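**Q** Structure incoming, see below.
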Amino acid sequence: MKKPLLCLVGLLSFTGVFAQQHSQFVELTVGATPLQFKDHFHSPYTYRATGLGVQATYGQERVNTRWQLEFGYSQANPQSIVSRKAATRVVDAVLNYQWRLSPVTKTGNGLHYFAGAGLRFWGNSTNYSPDIEVATTQATAAFSLGASARAVYRFKAVHRLDLQAFASVVSTVYRPNYAYFGKERFDLSWFGKSPIADVQLTYSYQVSSHFQGIVRYQVSYFKYDQPRQLTWLNQGISVGIRRTF
């Protein structure tokens, strides 16, 4: 009788420890997305607007590792000082895998560090004259492999700050099908050329045992030089909810 009882206690203890070491979460945020960009394929003037964006995230956390998959979508009607309003849509998808750098024994309140790698897709489609029948849509897309880092500061029992950053190392970039040597362009760019960078700062408040309210500020930057320069700066101020299980 004692052996089965000891086995049961051991199994319950192991299950409890495993539950503490492994958790999953989903997030959904909605908010405003101020953006500005200058695409010399179309115009030397800067387009600006504030649109609406939504972001969904799924991830898993363990004591030593963490990964998350993010998908974002936003749309706006940017305009320059000499143009009519355009219609733009932005799609952003990121997969980050990170390892813990801070001591494993330090899992409570305080500062925690993570670093790893990330895969990122960024795509934009802009119709510069949406009110006329002739299509004037330009599209740009980039797929990047880069470095990912994260710092988490937990204070008290219900508050947490989360700072996460991504920087591209190598990217494949697609540009519009203009008559540039008679074909569309797919270029390979390395670190320092055509950079793609993203920073997120998230505050979360523990509402209940499985739900947190979150407020997030995000800024993304992309620059491409050839054959004609494109500079894109996208920000996001959003609120939402996180569910852990």
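The values are calculated or read from the model by the stated rules, or taken from the named source; none is laboratory data. Model, not experiment: these values are computed from the prediction. Cβ sites come from the backbone with ideal geometry, for glycine too, and all protein chains shown count toward neighbours. Note: accessible area is taken over every heavy atom of the protein model, side chains too, but ligands, DNA and RNA are not part of it. Shrake-Rupley method; radii C 1.70, N 1.55, O 1.52, S 1.80 Å.
**Q** Examine the range 186-202 for a residue that is over 29 Å from Q75 (Cβ atoms), aromatic (F, W, Y) and at pLDDT 85 or above, and state whether such a residue exists.
**A** No: zero hits.
**Q** Against the definition (in contact (Cβ under 8 Å) with a residue 40 or more places away in the chain and more than 24 Å from Q75 (Cβ to Cβ)), how does A165 come out, yes or no? Explain how you work it out, then say what you get.
**A** Values: in contact (Cβ under 8 Å) with a residue 40 or more places away in the chain: no; more than 24 Å from Q75 (Cβ to Cβ): yes.
No, not satisfied.
**Q** Only one of these conditions is not met by Q55: (1) in contact with an Asp or Glu (Cβ under 9 Å, 6 or more places away or on another chain); (2) not in a strand (DSSP E or B). Which number is it?
**A** (2)
**Q** Pairs please, first residue from the range 42-55 and touching a residue at least 12 places away in the same chain (Cβ under 8 Å), second anywhere and open to solvent by 20 Å² or more (accessible area, probe 1.4 Å) and β-branched (V, I, T), Cβ atoms under 6 Å, 6+ apart in sequence or on different chains.
**A** From the range 42-55, the pairs are Y45/V82; V54/V30.
**Q** Go over the candidates V215, V219 one by one and state the one that is out of contact with any Ser or Thr (no Cβ under 9 Å at 6 or more places or on another chain), within 24 Å of G31 (Cα to Cα) and open to solvent by 20 Å² or more (accessible area, probe 1.4 Å). Give the steps one after another, and end with the answer.
**A** Numbers: V215 fails: out of contact with any Ser or Thr (no Cβ under 9 Å at 6 or more places or on another chain).
Going through V215, V219 in turn, the sole match is V219.
**Q** Let me ask something additional. Please pick out the residue among L101, L163 that is of a type in the set (A, V, I, L, M, F, W, C), open to solvent by 70 Å² or more (accessible area, probe 1.4 Å), out of contact with any helix residue (DSSP H, G or I) (no Cβ under 8 Å at 6 or more places or on another chain) and modelled with pLDDT of 95 or more. Before the answer, list the steps.
**A** On the way: L101 fails: modelled with pLDDT of 95 or more.
Going through L101, L163 in turn, just one is of a type in the set (A, V, I, L, M, F, W, C), open to solvent by 70 Å² or more (accessible area, probe 1.4 Å), out of contact with any helix residue (DSSP H, G or I) (no Cβ under 8 Å at 6 or more places or on another chain) and modelled with pLDDT of 95 or more: L163.
**Q** Filter the range 129-142 down to residues that are crowded, with 18+ Cβ neighbours inside 10 Å and not hydroxyl-bearing (S, T, Y) and give me whichever is modelled with the highest pLDDT. Outline the logic, then answer.
**A** Taking the range 129-142 and keeping what is crowded, with 18+ Cβ neighbours inside 10 Å, we get 138, 140, 142.
If we keep only those that are not hydroxyl-bearing (S, T, Y) too, we end up with 138, 142.
Values: Q138: 85, A142: 92.
It comes out as A142.
**Q** If a residue must be part of a strand (DSSP E or B) and open to solvent by 50 Å² or more (accessible area, probe 1.4 Å), how many such residues does the range 191-211 contain? Let's see the steps before the verdict.
**A** Within the range 191-211, the first condition is being part of a strand (DSSP E or B), and the residues that meet it are 196-206, 211.
Next, from what is left, pick out any that are open to solvent by 50 Å² or more (accessible area, probe 1.4 Å): 199, 201, 203, 205-206, 211.
Number of matching residues: 6.
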